[in-house]
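**Q** Please find one structure pasted underneath; my questions will follow.
The values are calculated or read from the model by the stated rules, or taken from the named source; none is laboratory data. If you're wondering where the values come from, they're calculated on a predicted model, not measured in any experiment. Methodologically, a virtual Cβ is constructed for each residue, glycine included, from the backbone with ideal geometry; neighbour enumeration extends over all protein chains shown. The area values use the complete protein model at the heavy-atom level, side chains included, leaving out ligands, DNA and RNA. Shrake-Rupley method; radii C 1.70, N 1.55, O 1.52, S 1.80 Å.
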Amino acid sequence: ATGNVRAAGSRARKKLPPRAEIAFVAPESPADDAGFEPGCFITTVDGEPVRDLIDWRWLSAEDEITVGYIDLDGEAGEVDLFRDEGEDWGFEFDGVVFDGVKQCRNACIFCFMRQLPDDMRASLTLRDDDFRLSFLAGTFVTFTNLSAEDEARIVEQHISPLRVSLHASNPEVRRRIIGKHAAHGIEVLDRLLAAGIEFHAQIVLMPDENDGEVLRETLGWAYARPGILDVCIVPLGFTKHQTCFTKSFDDPDAAYRAMAVIKPVQERALAERGTLWAFAADEFYCNAYGDELLENLPPTEHYGDFGMFEDGVGIIRSFVDDWEAAEAAGLDAQAAQALQQAGMRVRYIAGMATPHFFRPLFSRGPLAGVVEPLFV
């Protein structure tokens, strides 16, 4: 009886074929001409399943395709679509993954999701590790859950560049901080690199785990692989809802020691590749240099296209550039004059991560007498 119950449960949980829900149909588009409406589903293109937005783009590249669908009444069918050269099909989908997000199977000691309170909403603790989201949305993934089919697909469709959570190249360290599948991830990474796939890499730096000599080794390993386009090093963040960590790189000495490992790699990369290549997150500069931050911040050209901006790399540099452009245009003087004429002062409320660059910017020009930054 127990076996039958398990079997029935397995059938009940059987994964449905992928289907892309249509969220919007552009007027007068091929999709509109064919009668598609929001709420319909696309299931196949030329007989191939559409698992995600990458599949849709790959399979619908031609100007004549046969689309499998499910209409608003739940009826399945197929229809031939035609478009002019360069014309968009006119579909917008609900989301970018149509067969469910690939879940993480790691046991990373620094996992952000595991550091949240137990009563958080489920969406905040969804531990995704999906290479498709890496390509489409810029998430970092480990490739520890990548199947042979996934690997072959990445190469066939040339899904590149991808973003990889590297953390360490040393097998023992990787096993300790990521879990038992760590070796699989690095093996997949090497095979994909050999196949011409490129990567942006990230290292979450943890005191006494993957810093110091381990970090130096990891950066050397990555630098020897030209397909790794750059590396972003970010400091560990932790909450009170965990027991693994009690410190990060908040004090100047710890941050400076980390920067001392990264800086020689940056200097070599600048000389050989014309870019920093190893990008330290802004927090390292803040914590290491304090009130001398602006004098030690890398110049704009060293950040390239600011590709790691969303990971906290170059945000301060970008802000300072914008501020100095406003100063050059005289906007600070105009604002100060307007405030003085109105007999007003401004209190500018900012977060505690900003004093090292906000305070000197506010204090060096005409705004110094009329704007007071408060850090909370």
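**Q** In region 111-130, what residues are in contact (Cβ under 8 Å) with a residue 40 or more places away in the chain and surrounded by 11 or more Cβ atoms within 10 Å (Cβ to Cβ)?
**A** If the condition is that a residue be in contact (Cβ under 8 Å) with a residue 40 or more places away in the chain and surrounded by 11 or more Cβ atoms within 10 Å (Cβ to Cβ), then 112, 114, 115, 116 are the ones that fit.
**Q** Which residues, taken from region 92-103, are without any contact (Cβ under 8 Å) to a residue 60 or more places away in the chain and either open to solvent by less than 30 Å² (accessible area, probe 1.4 Å) or in contact with a helix residue (DSSP H, G or I) (Cβ under 8 Å, 6 or more places away or on another chain) (or both)?
**A** 96, 97, 101, 102
**Q** Tell me, which helices (runs of 4 or more DSSP H) wholly within region 277-376 include 1 or more residues that are open to solvent by less than 40 Å² (accessible area, probe 1.4 Å) and under 30 Å from residue 226 (Cβ atoms)?
**A** Counting at least 1 such residues, we get 282-289, 315-328.
**Q** Could you list, in sequence order, all residues of region 69-91 that are in contact with a helix residue (DSSP H, G or I) (Cβ under 9 Å, 6 or more places away or on another chain) and either among the hydrophobic types (A, V, I, L, M, F, W, C) or in a strand (DSSP E or B) (or both)?
**A** 81, 82, 89, 91
**Q** Could you list all residues from region 46-65 that are open to solvent by 40 Å² or more (accessible area, probe 1.4 Å), under 17 Å from residue 29 (Cβ atoms) and not in a helix (DSSP H, G or I)?
**A** 61, 62, 63, 64
**Q** Just one of the numbered conditions (1) open to solvent by less than 60 Å² (accessible area, probe 1.4 Å); (2) at pLDDT 95 or above is not true of residue 108; which one?
**A** Failing condition for residue 108: (2).
**Q** Sticking with this structure for a sec: Consider residue 326 against the criteria (1) modelled with pLDDT under 90; (2) on the phi < 0 side of the Ramachandran plot: it satisfies all of them except one. Which criterion is unmet?
**A** With respect to (1) modelled with pLDDT under 90; (2) on the phi < 0 side of the Ramachandran plot, residue 326 is out only on (1).
**Q** Next question, about the same structure. Give the residue, chosen from 165, 134, 147, that is surrounded by fewer than 17 Cβ atoms within 10 Å (Cβ to Cβ) and hydroxyl-bearing (Ser, Thr, Tyr).
**A** Answer to the selection: 147.
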